[in-house]
Amino acid sequence: MLVRSALGAATAPATSEVATPPHVPLPRAGQCCEHGLDLGLDELDALSMHDRRTWLRHVESHQVSRLVTVWDRWRNIEGVLEFFRDRGVGESGSWASIVDAAILEGIERGTAIALGVGQDTFGNPGSTEWANYLLRLQAGRLTKRSVHDAAWSRAEQTATEYGVALAKSRGVRPTGPEWRFFQFSQVYRWLLRNEPTALLALGGPLVSPRVRELRVPFLTWFTDVRSDVPAYRGSAMAWSLAELHPVGGALDALNLLLAYLPTLFEDFLRDTGH
């Protein structure tokens, strides 16, 4: 199936060895935002989810805003961090924490590269992808939603896969709920890159007439990187299902989306008033 082949390589942990990022002194408690764009993955892993969100907001308002004046393109990542904070997911050193730290490190170093204040990727290939994304956005080359979302997704996917590979190289394995939650995040990134295929599926006979009617605004809502609400609610739903493990075996992106669809669609209706 087309969707399975598109997603398959991304869902399996990478097998190559990954270099450990250079050491940077750990931030002092409560002072995570006094640092520049030089925290390594281990330092980010040591931060609580609350401090990671505070740190990310600091990067957005004090660094990325020098490239793009009004910055809100990582609100969905904030939503995930908010859920992890509220649910107590992602303790430092855990598989989820390492992968999340890799995503944030890619954002941080990508910002530094785009600003021209440093070229060191810290070994994270997501750094280059995020730098390219930021520079294209600044140049006005990502005004079309589908083009923007695909570029955004590729950057986060690259950093995510690096984090998965790094955790494996350190002998850190995901728990069952962590891995099943990760599959949901893979679906999210896949949707950002494959909107036409997703809309086709949401217009098919396996979904309700109401979903078919509202599939365009629903997908637009769910994949909006500029809002933390869908990401938070999607994360809460996905984690609850991941703990219960009701979905079962290995499914492709569209089947996972359809499995989660009833709950997601109800959240969409409540949030938008449709």
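Restricting region 109-134 to residues that are without any contact (Cβ under 8 Å) to a residue 60 or more places away in the chain and of a type in the set (A, V, I, L, M) leaves a set whose member that is nearest to Q183 (Cα to Cα) is A131. Among residues of region 238-254 being surrounded by fewer than 18 Cβ atoms within 10 Å (Cβ to Cβ) and modelled with pLDDT of 80 or more, the one that is farthest from L202 (Cα to Cα) is E243.
Among the residues of region 158-179, is there at least one that is among the hydrophobic types (A, V, I, L, M, F, W, C) and over 23 Å from E108 (Cα atoms)? Before the answer, list the steps.
Within region 158-179, the first condition is being among the hydrophobic types (A, V, I, L, M, F, W, C), and the residues that meet it are 159, 164-167, 172, 179.
From what's left, over 23 Å from E108 (Cα atoms): 172, 179.
Checking region 158-179: at least one residue is among the hydrophobic types (A, V, I, L, M, F, W, C) and over 23 Å from E108 (Cα atoms).
Comparison of A9, A29 shows that the only residue that is at pLDDT below 85, hydrophobic (A, V, I, L, M, F, W, C) and either assigned to a loop (DSSP other than H, G, I, E, B) or surrounded by 13 or more Cβ atoms within 10 Å (Cβ to Cβ) (or both) is A29. If you check S16 against the conditions, is it of a type outside the set (K, R) and modelled with pLDDT under 95? Criteria met by S16. I'm checking my understanding of the structure. Among residues of region 152-191 that are touching a Phe, Trp or Tyr at 6+ places or on another chain (Cβ under 6 Å) and buried (at least 21 other Cβ atoms within 10 Å of the Cβ), which one is nearest to T128 (Cα to Cα)? Checked region 152-191; the qualifying residue nearest to T128 (Cα to Cα) is A155.
Here's the yes/no breakdown for (1) in contact with a Phe, Trp or Tyr (Cβ under 9 Å, 6 or more places away or on another chain); (2) under 23 Å from L142 (Cβ atoms); (3) assigned to a helix (DSSP H, G or I):
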position: P205; (1), (2), (3): no, no, no
position: R210; (1), (2), (3): yes, no, yes
position: L219; (1), (2), (3): no, yes, yes
position: D224; (1), (2), (3): no, yes, no
position: S227; (1), (2), (3): yes, yes, no
position: A231; (1), (2), (3): yes, yes, yes
position: S235; (1), (2), (3): yes, no, yes
position: A238; (1), (2), (3): yes, no, yes
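Within region 86-98, is there a residue that is surrounded by fewer than 20 Cβ atoms within 10 Å (Cβ to Cβ), in contact (Cβ under 8 Å) with a residue 24 or more places away in the chain and of a type in the set (D, E, K, R)? Yes, some residue in region 86-98 is surrounded by fewer than 20 Cβ atoms within 10 Å (Cβ to Cβ), in contact (Cβ under 8 Å) with a residue 24 or more places away in the chain and of a type in the set (D, E, K, R). For L142, state whether it is open to solvent by less than 30 Å² (accessible area, probe 1.4 Å) and modelled with pLDDT of 95 or more. So L142 passes the test. Could you tell me whether any residue of region 36-48 is farther than 21 Å from T160 by Cβ and modelled with pLDDT under 95? Scanning region 36-48 turns up at least one residue that is farther than 21 Å from T160 by Cβ and modelled with pLDDT under 95. Across region 118-135, the number of residues qualifying as at pLDDT below 95 and within 17 Å of W71 (Cβ to Cβ) comes to 0.
Taking the numbered list (1) touching a Ser or Thr at 6+ places or on another chain (Cβ under 9 Å); (2) among the hydrophobic types (A, V, I, L, M, F, W, C); (3) part of a helix (DSSP H, G or I) in turn, V172 passes all entries but (3). Kindly indicate whether F181 is among the hydrophobic types (A, V, I, L, M, F, W, C), assigned to a helix (DSSP H, G or I) and in contact (Cβ under 8 Å) with a residue 24 or more places away in the chain. It is true that F181 is among the hydrophobic types (A, V, I, L, M, F, W, C), assigned to a helix (DSSP H, G or I) and in contact (Cβ under 8 Å) with a residue 24 or more places away in the chain.
The values are calculated or read from the model by the stated rules, or taken from the named source; none is laboratory data. Every value quoted in this text rests on a predicted model; they were computed, and no experiment measured them. Don't worry about glycine lacking a Cβ; one is built from the backbone with ideal geometry, like all the others, and counts go over all protein chains shown. All accessible areas refer to the heavy atoms of the entire protein, side chains included, with ligands and DNA or RNA removed. Shrake-Rupley method; radii C 1.70, N 1.55, O 1.52, S 1.80 Å.
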